[in-house]
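A quick write-up on the structure given underneath.
The values are calculated or read from the model by the stated rules, or taken from the named source; none is laboratory data. As the structure is a prediction and not an experimental result, all values here were calculated from the model. Here the Cβ positions follow ideal geometry from the backbone for every residue, glycine too, while neighbour counts run over all protein chains shown. Just the protein is used for accessible areas: all its heavy atoms, side chains included, with ligands, DNA and RNA removed. Shrake-Rupley method; radii C 1.70, N 1.55, O 1.52, S 1.80 Å.
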Amino acid sequence: MFQMDEIVKKRNAKRGRVSSFDVTGGNDDRRYIQPGETFTLAQLSGAGCIRHIWMTLANEGFVVEKYAHRKVVLRMYWDGEQEPSVQAPLGDFFGMGHGITRNFVSAPLQMSPQDGQGMNCWWPMPYGDGARITVTNECNTTLILYYYVDYETVPELPDDTLRFHAWWNRQCPTDGTPDPQDEQHNAWCFEGENKDGVGNYPVLEAKGSGHYCGCHVNIHNLNPSALWDWPGEGDDMIYIDGDTKPTLHGTGTEDYVNMAWCPTQEYSAPYHGLILGGKDNWKGKITYYRYHIQDPIMFEKDIRVTIEHGHANHRSDDWSTTAYWYQTEPHVPFAPIADVEHRLPIDEEILCRTGKIVFEK
């Protein structure tokens, strides 16, 4: 990452910008994207590096359609590739899931007032022969998009420059076991074995050479229990370069995100945070982040980043994540993103009344 004392050094690059400014000289500084339309907001040539992206959105009538930040899909392509290196719902890419925005500050990602709707990204995104950024509007109404893409051009990149990647995943619900809701509840929370990580939630699976730089994790607690109901009693397990047992084995979800004792206090720091703390007894929706910027996790052949969903994968909750990493190309193509209906949050009123998982409309 850029250090303050480096600002005094001469940089051999030229600054550029693509934005949604009104080319007529007027004040209509936005783009209008119809439902179902994919819009290319930046098409860059040559070699360079995107240094900053800012976006905000609205819909018809300049209001934000419900869950618009989960309905709009962001993709990025480097060096003429046909498969995206970045694929995520727009809000999830900028660090907050559940189809909402919320003020928070981290080193690579920030959501700024009003109410987190000013979305900022400082992940450096190098490209050797062009870059393309698109958004696909899967809202019910016209998308109104404002944006800046700030970049620098250079004669060429060093040969060892890796490319930025981001991938969104969701399991709803995770494949758990029923909570016994009796004297066996404590055993369900804490007992049982998981030595090989089979069934863990997959944050990232990649092949190539590079380094994993972190993720944000969204959990919606779906357990109806009135008993102790912490959803994060799951270890992080990271497998590097073909290891069949975890190369790096952690001690719990809140420990992986550098917190302690089942936190609910909202907090944001440069490399870890709790943006959304949940309700009483950890009900409702929770969002954490952990960025490996000072401590990237290197791999030479492949990497699998996983977390147990509850101890020994006992819990059945709604999990979604966005992973961020740098690697050599080509990367393994991503599976198509889930259709918009299955990206939406769960209707909590129906869930509480019937226990059934129904996605919001």
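Here are some notes:
- Against the numbered list (1) over 23 Å from the mean Cα position of the chain (by Cα); (2) assigned to a strand (DSSP E or B); (3) within 28 Å of residue 361 (Cβ to Cβ), residue 153 comes up short only at (3).
- Matching residues in region 315-347 - criterion: being exposed (fewer than 15 other Cβ atoms within 10 Å of the Cβ) and farther than 30 Å from residue 211 by Cβ: 339, 341, 342
- Among the conditions (1) under 17 Å from residue 248 (Cα atoms); (2) buried (at least 22 other Cβ atoms within 10 Å of the Cβ), the only one that residue 301 does not satisfy is (2).
- Qualifying residue in region 143-154 (condition: buried (at least 17 other Cβ atoms within 10 Å of the Cβ) and farther than 24 Å from residue 125 by Cβ): yes
- Of the residues in region 233-243, none is surrounded by fewer than 21 Cβ atoms within 10 Å (Cβ to Cβ), among the small types (Gly, Ala, Ser) and either part of a strand (DSSP E or B) or at pLDDT below 95 (or both).
- One residue stands out among those in region 244-281 that are assigned to a helix (DSSP H, G or I) and over 21 Å from residue 194 (Cβ atoms): the one that is most open to solvent (accessible area, probe 1.4 Å), which is 280.
- The single condition from (1) touching a Pro at 6+ places or on another chain (Cβ under 7 Å); (2) over 18 Å from residue 307 (Cβ atoms); (3) assigned to a loop (DSSP other than H, G, I, E, B); (4) of a type outside the set (S, T, N, Q) that residue 211 fails is (3).
- Within region 301-320, the set of residues being among the basic types (Lys, Arg) and either assigned to a loop (DSSP other than H, G, I, E, B) or at pLDDT below 95 (or both) comprises 301, 315.
- Conditions (1) in a loop (DSSP other than H, G, I, E, B); (2) closer than 27 Å to residue 15 by Cα; (3) of a type outside the set (A, V, I, L, M, F, W, C); number of the one not met by residue 132: (1)
- Candidates in region 283-298 are the residues that are among the β-branched types (Val, Ile, Thr) and part of a strand (DSSP E or B); of these, the one that is most open to solvent (accessible area, probe 1.4 Å) is 297.
- Strands (runs of 3 or more DSSP E) lying entirely in region 1-113 (those with 3 or more residues that are of a type outside the set (Lys, Arg), surrounded by fewer than 21 Cβ atoms within 10 Å (Cβ to Cβ) and at pLDDT 95 or above): 14-19, 38-44, 47-59
- Search result, residues across region 286-320 that are closer than 18 Å to residue 263 by Cβ and of a type in the set (S, T, N, Q): 287
- For region 321-340, the set of residues classified as more than 21 Å from residue 173 (Cα to Cα) and assigned to a strand (DSSP E or B) consists of 324, 325, 326, 327, listed by residue number.
- Filtered residue count, region 163-211, keeping only those that are among the acidic types (Asp, Glu) and either touching a Cys at 6+ places or on another chain (Cβ under 9 Å) or crowded, with 19+ Cβ neighbours inside 10 Å (or both): 1
- Residue list for region 198-214, filter: modelled with pLDDT of 95 or more and either over 27 Å from residue 359 (Cβ atoms) or aromatic (Phe, Trp, Tyr) (or both): 201, 206, 207, 208, 209, 210, 211, 212, 213, 214
- Within region 348-361, considering residues that are open to solvent by 30 Å² or more (accessible area, probe 1.4 Å) and assigned to a helix (DSSP H, G or I), the one nearest to residue 89 (Cα to Cα): 348
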